[in-house]
Every structure is written in C-alpha cells, then in structure tokens.
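The values are calculated or read from the model by the stated rules, or taken from the named source; none is laboratory data. Just so we're clear, the structure is a prediction, and the values are computed from it rather than from any experiment. No Cβ is skipped: glycine too gets one built from the backbone with ideal geometry, and neighbour counts run over all protein chains shown. For accessibility, only protein heavy atoms count, side chains too; no ligands or nucleic acids. Shrake-Rupley method; radii C 1.70, N 1.55, O 1.52, S 1.80 Å.
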Amino acid sequence: MQDNKMIIWDWNGTLLNDIKICVDAINLLLNKRNKARIDMYTYRDIFTFPVRDYYIKAGFDFDEEPFEKPAMEFINEYEQMVSAASLHDDALDTLDHFKGKGFRQMILSAMHKDFLLRLVRDHSIEHYFSEISGIDDHYAAGKIENGKKLLKFLNGHISQVIMVGDTIHDHEVAAALGIEVILVANGHQSEERLKSTGCAVVQRLEDLKEIM
C-alpha cells in the first residue's frame with residue numbers, strides 16, 4: 001500500500017472535461033463585443049494563468065473596460081453551461097485505481113471554493129478526496145498560496161506528493177511547492193505547450209497508472 005503518498009489533482013480540464021464549455025462561454029462574450037471568435041485549437045494555444053493575460057490574447061481590451069466585467073460575465077455563462085460538462089471518461093477508473101493503491105487524494109483548483117465543492121458533489125466523487133481546495137474569488141489569479149497551505153496542513157506526514165494537472169501553471173505551482181508534477185495533454189493547453197516545461201506529459205489520465 002502507498003499510504004504515505006498523495007496525489008494533488010487539478011480540477012478544470014484535468015478531472016472535469018469543461019474545455020468546450022469554456023470556449024463556448026468566451027465566444028459569447030467576444031460576440032457581444034463584436035470581436036473575432038476563437039476555436040478550440042486557438043483556445044488551447046492561448047489559455048494561461050493569470051486568466052487576465054488569456055483574455056487579452058483572446059481580444060479583450062482593458063482600456064475599454066475593466067477586466068472584472070468580462071470575468072464575471074464569463075463566470076455567469078460558465079455556471080449556466082457547466083452542468084453539461086462530464087468528467088473525463090477515464091477519471092473515475094483512475095481515481096478508483098489510486099484509491100485502491102492507498103494514495104491520499106486532494107483537489108487544488110483556481111475555481112471559487114464554494115462552486116468547486118458543488119461541482120465535485122454534483123459528480124458524486126467527493127468521497128475520493130481528503131481535501132478540496134479552491135480560491136476565494138472568481139478571478140483565477142493562481143493557486144500557489146493554497147498549495148502551500150495544503151502542504152503545511154500535511155505537516156510532513158506524506159513522503160511523496162505528486163501533482164497532476166493540464167496547464168503550465170500546474171507545473172509552476174508544483175515547482176513553487178517543490179513537488180513532482182505530471183501533466184495531462186487532453187485539457188486546457190496543447191501538448192506542445194505542456195512539453196515545453198520539460199516535465200512528464202501523458203495523453204490521458206489512465207496513462208498515469210503505468211508511471212506512478
């Protein structure tokens with residue numbers, strides 16, 4: 001049993017397959033402003049943290065309006081659409097696999113904590129996780145500080161912590177925390193961008209079983 005090991009899972013794009021919803025929601029905002037739509041490929045090439053930088057790449061002009069306005073519009077659209085998003089089709093089997101191996105599992109997300117908990121419960125998977133950590137606002141600046149709090153909470157009781165995510169920011173978070181990271185290439189950023197980090201990249205969640 002690997003009861004001294006832990007996986008910190010990212011949520012959006014890693015466990016929850018919400019990429020299409022994010023593209024649809026941002027295109028509604030762009031249409032409203034008479035700006036060019038983006039497709040899935042462009043989205044995965046420009047999405048980044050902090051998301052303010054992604055909005056600029058998508059075509060928003062914050063000399064014309066404050067970032068907070070489209071950010072809240074996006075959240076409102078996303079919240080109306082997200083019930084249509086499913087977990088990645090290999091997510092449950094992967095969570096079961098690592099639970100069976102005795103891994104402790106947590107979620108670390110840049111989503112508002114109340115909304116995050118609601119979605120996890122909606123998918124009936126909260127029992128897999130000993131901690132579910134989100135942020136206190138909707139602006140997705142990042143999750144390094146919450147990651148530090150999680151590790152402090154563990155107080156040295158875990159010998160190995162592995163982060164699993166789908167963005168370069170997950171690599172940055174893991175580096176800041178001094179832990180290993182594996183990135184999954186079917187989420188919010190392209191495989192090419194993920195490989196530029198130099199860390200391990202897999203195609204699907206189920207591939208993690210072969211390397212962990």
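What value, in deg cm²/dmol to 500, does the helix sum -39500 (n - 2.57) over DSSP H runs of n ≥ 4 give at 222 nm once divided by the residues of the chain?
Values: 10 runs with 93 residues, N = 212.
Rounded to the nearest 500, it is -12500 deg cm²/dmol.
Name the residues of region 156-198 whose amide N is less than 11 Å from a point 7 angstrom out from the Cα of E131 along the C-beta direction?
Answer for region 156-198: 156-158.
Rg(Cα) of region 1-84 divided by 2.2 N^0.38 Å? Can you show the working numbers first?
Working: Rg = 15.3 Å, N = 84, 2.2 N^0.38 = 11.8 Å.
Expressed relative to 2.2 N^0.38 Å, the Cα Rg reads 1.29.
Between exposed trypsin sites (Lys or Arg not before Pro) in the chain, where DSSP calls loop and at most 15 other Cβ atoms lie within 10 Å, what's the longest gap?
Values: sites that count: R33, K35, R37, K101, R204.
Longest site-free region, per DSSP loop and neighbour criteria: 102-203.
What lysines sit close enough to K20 to cross-link, taking a C-alpha to C-alpha distance under 30 Å and skipping anything fewer than 8 places away on the same chain?
Partners within reach: K32, K35, K57, K69, K99, K113, K143, K195, K209.
May I ask for the equivalent-ellipsoid semi-axes of the chain, computed as the square root of five times each C-alpha gyration tensor eigenvalue and listed largest first in whole Å?
Details: eigenvalues 172, 58, 56 Å².
Whole-Å semi-axes of the equivalent ellipsoid: 29, 17, 17.
Give me the distance in nm between label points sitting 7 Å out from Cα along the Cα-to-Cβ direction at E73 and Y41, one decimal.
Inter-label distance under the simple model: 2.7 nm.
Can you tell me the dipole magnitude for region 1-101 around its Cα centre, using point charges on the Cβ only (Lys, Arg +1; Asp, Glu -1), in Debye to the nearest 20?
Values: 12 positive and 19 negative charges, 24 e Å.
That gives region 1-101 a dipole magnitude of about 120 debye.
Roughly speaking, to the nearest percent, how much of the chain's 1.4 Å accessible area is carbon and sulfur? The partial results should precede the final answer.
Numbers: 4720 of 10010 Å².
After summing per-atom areas, the C and S share lands at 47 percent.
Does region 81-154 classify as rounded, prolate or oblate by the C-alpha gyration tensor (a ≥ b ≥ c root eigenvalues; a/c under 1.5 gives rounded; else a/b over b/c gives prolate, otherwise oblate)? Write down the numbers at each step before the final one.
On the way: a/c = 2.25, a/b = 1.13, b/c = 1.99.
Judged from the Cα gyration tensor, region 81-154 comes out oblate (a/c at least 1.5, b/c at or above a/b).
Taking the solvent-accessible surface of protein heavy atoms with a 1.4 Å probe, what is the per residue accessible area of region 77-212 in Å²? Mind showing how you got there, number by number?
On the way: 6390 Å² over 136 residues.
Spelled out: the 1.4 Å probe surface of region 77-212, per residue, equals 47 Å².
Quick check: convex hull over the Cα atoms of region 160-212, volume per residue in Å³, rounded to an integer?
Per-residue hull volume (Cα only) is 64 Å³.
What residues qualify as long-range amide H neighbours of A200, i.e. H under 5 Å apart, gap of 5 or more or another chain, H built at 1.01 Å from N?
Close amide H contacts, sequence-distant or interchain: L183.
7 Å from Cα along Cα→Cβ at both E64 and N31: what's the point-to-point distance in nm?
Spacing of the two 7 Å Cα→Cβ label points: 1.7 nm.
Going by the alpha-carbon gyration tensor, a ≥ b ≥ c the square roots of its eigenvalues, is region 90-212 rounded (a/c under 1.5) or, if a/c is not under 1.5, prolate (a/b greater than b/c) versus oblate? Before the final figure, lay out the partial values.
Values: a/c = 1.21, a/b = 1.08, b/c = 1.12.
In terms of gyration-tensor shape, rounded.
With labels modelled as points extended 7 Å from the Cα through the Cβ direction, what inter-label distance (nm, one decimal) is found for E192 paired with E145?
3.5 nm
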